[in-house]
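Visitor: Just dropping this structure here.
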Amino acid sequence: MVDNALDRLVSLLRQEVINNVLVTGYVDRSERIPQFRPVPDTVYLELGHGLLRMDAIGQYDQLKLSHVAEIALEDIVVDEDDEPAVGSYERTFLTFGSTEPRCTGLRYWTDERSDPGAGVVKCLGIEIDDVDTIFADPTWHFGIHLGTAEHLQRWRRDHFDPARGMREVSWSRSHDAKDVS
């Protein structure tokens with residue numbers, strides 16, 4: 001039975017196609033050629049039905065996960081002269097799998113400030129088609145740092161510390177969520 005926000009999101013990701021990775025930001029028209037400037041406080045995974053929204057919260061210490069129907073452009077804080085926008089990182093993170101990429105594994109970490117029942121974790125790794133990985137780390141000083149499996153492994157090596165109460169939880173298509181810390 002699904003009993004908390006994170007369980008609902010894992011259940012959702014097990015069923016949905018991941019169509020795109022969208023990073024919030026703005027269009028800067030002060031340059032000769034308008035440029036997209038990422039402000040990755042919020043990142044979205046576009047799913048078959050709705051979006052997985054990831055927000056850096058708690059002074060860039062935690063990742064808040066939620067399922068939403070649409071992108072909230074009004075939540076993107078920009079200067080008066082700039083235009084809120086999202087940029088697609090699809091070709092960066094959804095490159096080697098099928099034409100209908102699906103989540104085949106998920107790993108997240110928690111610490112004393114996390115609340116998985118409310119969808120709040122330290123960071124998150126999503127495996128796509130057993131090939132690609134999207135790693136979301138909210139502790140980057142510019143917002144959510146998106147990375148690959150290599151970034152996930154480096155973060156785990158440099159930051160994961162069970163002695164400080166941190167936990168690592170893993171799920172894959174072959175097994176339900178389990179604490180691996």
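Visitor: Please express the shape of the stretch 25-67 as an equivalent ellipsoid: the semi-axes are the square roots of 5 times the eigenvalues of the C-alpha gyration tensor, given largest first in whole angstrom.
Guide: Details: eigenvalues 133, 52, 4 Å².
Here the semi-axes work out to 26, 16, 5 Å.
Visitor: When the helices in the chain are scored as -39500 (n - 2.57) per DSSP H run of 4 or longer and the sum is shared across all residues, what 222 nm value do you end up with, to the nearest 500 deg cm²/dmol? Could the numbers behind the result be given before it?
Guide: Details: 3 runs with 26 residues, N = 181.
After summing the helix terms and dividing by residue count, I get -4000 deg cm²/dmol.
Visitor: A follow-up question, please. Give me the accessible area per residue for the stretch 65-181, probe 1.4 Å, as a whole number in Å². Numbers along the way, then the final one.
Guide: Numbers: 6630 Å² over 117 residues.
Heavy-atom SASA per residue in the stretch 65-181 reads 57 Å².
Visitor: A follow-up question, please. Just to confirm the number: angle between the C-alpha axis of helix 5-15 and the first principal axis of the chain, 0 to 90 degrees, nearest 10?
Guide: Tilt relative to the chain: about 80 degrees.
Visitor: With the full set of protein chains in place, find how many percent of the accessible area of the chain is carbon and sulfur; take the probe as 1.4 Å. All intermediate terms of the calculation are to be shown ahead of the outcome.
Guide: On the way: 4600 of 9800 Å².
About 47 percent, which is the carbon plus sulfur part of the accessible surface.
Visitor: Now a separate question. Would you mind checking the tilt of helix 149-159 against the longest principal axis of the Cα atoms of the chain, expressed as 0 to 90 degrees and rounded to 10?
Guide: Taking Cα atoms only, the helix is inclined about 70 degrees.
Visitor: Cα gyration tensor of the stretch 68-146, axes a ≥ b ≥ c as square roots of the eigenvalues: rounded (a/c below 1.5), prolate (a/b > b/c) or oblate?
Guide: Values: a/c = 2.02, a/b = 1.18, b/c = 1.71.
Cα axes put the stretch 68-146 in the oblate bin.
Visitor: What number, in nm² with one decimal, is the all-direction average of the projected area of the convex hull of the alpha-carbon atoms of the chain?
Guide: Numbers: hull surface 44.4 nm².
The orientation-averaged projected area of the Cα hull of the chain comes to 11.1 nm².
Visitor: Same structure, new question: Using 5 Å bins from zero, what percent of all Cα-Cα pairs in the stretch 1-99 falls into each bin?
Guide: Spelled out per bin, shortest first, that is 2, 12, 18, 21, 19, 14, 8, 3, 1, 0, 0.
Visitor: Once you compute Rg and the Kirkwood Rh from C-alpha atoms, what is the Rg to Rh ratio for the stretch 124-168?
Guide: Working: Rg = 11.2 Å, Rh = 11.2 Å.
Here the Rg-to-Rh quotient is 1.00.
Visitor: Show the residues, 5+ positions off or on another chain, whose built amide H is closer than 5 Å to the amide H of M166.
Guide: The answer is D161.
Visitor: Using the crude model of +1 on Lys and Arg Cβ and -1 on Asp and Glu Cβ, and no other charge, please compute the dipole size for the stretch 33-181 relative to its Cα centre, in debye to 20. Walk me through the numbers on the way to the answer.
Guide: Details: 15 positive and 28 negative charges, 159 e Å.
The calculated dipole for the stretch 33-181 is roughly 760 debye.
The values are calculated or read from the model by the stated rules, or taken from the named source; none is laboratory data. Everything numeric in this text was worked out from a predicted model, so none of it was measured. Here the Cβ is made from the backbone with ideal geometry for all residues, glycine too, and neighbour counts use every protein chain on show. Side chains are part of the model used for accessible areas, which takes the heavy atoms of the whole protein and leaves out ligands, DNA and RNA. Shrake-Rupley method; radii C 1.70, N 1.55, O 1.52, S 1.80 Å.
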